[in-house]
Amino acid sequence: MTRRKFICGNWKMFKTGAEAAQLVRELRTRLSESGVQIAIAPPFTALESAHAALAGSHLQLYAQNCHFEKQGAFTGEIAAPMLEAISCHGVILGHSERRTLFAEDDALVNKKLRAVLDTRLAAIVCIGETLSEREANRTWEVVSRQVRGALSGISSEQLSRITLAYEPVWAIGTGRNATAAQAQEVHAQIRGLVRELYSAPAADAMRIQYGGSVKPENAAELLGQPDVDGALVGGASLKADDFARIIAGAKLTI
Ligand code: 13P
């Protein structure tokens, strides 16, 4: 089965609305229609201007987080139906920065995922081990717990709207990406777990992105691995040239 490559730029807490519109305009001059699915995930306050700037293009819009309730007295939070209402395509959930800096655990990620799937939105669910967990040979223990936790109670029909993103925490923003072999090893294990939890067709269809210091220089090698189906790109997605070159790297592997 050929899985369509999926590259998403996670802009984190960068770019105002005006800056986001400018970056989208720059991206549009560099990206041509291709077999690659491409998304950007600006901060909440830039979603609407990014949406306006990407109108008529094949770029999709993702948010970086949401709350698990549809509405309510949750000061400072944003609900999934609100994101749907401003034409987001999906939401990133369980990023390691949310897990470590904002105390999100597997149960909370699961609640958020259920809320997202109650709408028509898609989700990118992030998982990944810290350096000390890897050094203690606990990578698979941690990653498998995160995958099981996130997918608890999720049906095989809902699975088609989920992309998993393996992001080793030690590779995020450090310039030290996982080697292609390290990424492939964990991605293959994750796919095996999806097969065990669901079915072989579900596992074959599941897209698993790699994230952590993806750059133009390493994109083609990482994305050339059989179980690496895309990338979740942080820093390099903030520069139109770098992001376009990463996408060009993905195209080489199709
Ligand atoms: P960097 O690409 O900056 O390492 O960030 C990766 C990431 O966290 C994407 O979600």
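The values are calculated or read from the model by the stated rules, or taken from the named source; none is laboratory data. Keep in mind that this is a model prediction, so the values were computed, not measured. Counting neighbours? That spans all protein chains shown, and the Cβs are built from the backbone with ideal geometry, glycine included. Accessible surface is based on the protein model in full, side chains and every heavy atom, while ligands, DNA and RNA are left aside. Shrake-Rupley method; radii C 1.70, N 1.55, O 1.52, S 1.80 Å.
Confirm whether Arg134 is within 15 Å of the ligand (Cβ to nearest atom) and either buried (at least 17 other Cβ atoms within 10 Å of the Cβ) or part of a loop (DSSP other than H, G, I, E, B) (or both).
So Arg134 does not fit the description; no.
Can you name every residue in segment 185-203 that is open to solvent by less than 10 Å² (accessible area, probe 1.4 Å), out of contact with any Asp or Glu (no Cβ under 8 Å at 6 or more places or on another chain) and either within 21 Å of Ala115 (Cβ to Cβ) or within 16 Å of the ligand (Cβ to nearest atom) (or both)?
Val186
Can you name every one of the helices (runs of 4 or more DSSP H) wholly within segment 57-117 that holds 1 or more residues which are farther than 24 Å from Arg148 by Cα?
80-85
Given (1) of a type in the set (Asp, Glu); (2) surrounded by fewer than 21 Cβ atoms within 10 Å (Cβ to Cβ); (3) in contact with a Cys (Cβ under 8 Å, 6 or more places away or on another chain), where does Glu141 come up short, assuming only one miss?
(3)
All but one of (1) buried (at least 17 other Cβ atoms within 10 Å of the Cβ); (2) within 16 Å of the ligand (Cβ to nearest atom) hold for Arg176; state the number of the condition that does not hold.
Unmet for Arg176, out of (1) buried (at least 17 other Cβ atoms within 10 Å of the Cβ); (2) within 16 Å of the ligand (Cβ to nearest atom): (1).
Taking the condition of being surrounded by 15 or more Cβ atoms within 10 Å (Cβ to Cβ), under 20 Å from Leu222 (Cβ atoms) and away from the ligand (no atom under 15 Å from the Cβ), how many residues in segment 4-33 meet it?
Number satisfying all stated conditions: 2.
Quick one: how many residues across segment 160-173 are more than 15 Å from the ligand (Cβ to nearest atom) and surrounded by fewer than 20 Cβ atoms within 10 Å (Cβ to Cβ)?
Residues in segment 160-173 being more than 15 Å from the ligand (Cβ to nearest atom) and surrounded by fewer than 20 Cβ atoms within 10 Å (Cβ to Cβ): 2 in total.
Taking Gln182 and the conditions (1) open to solvent by 10 Å² or more (accessible area, probe 1.4 Å); (2) more than 14 Å from the ligand (Cβ to nearest atom); (3) out of contact with any Pro (no Cβ under 9 Å at 6 or more places or on another chain), which numbered condition does it fall short on, given that it satisfies the others?
Every listed condition holds for Gln182 apart from (3).
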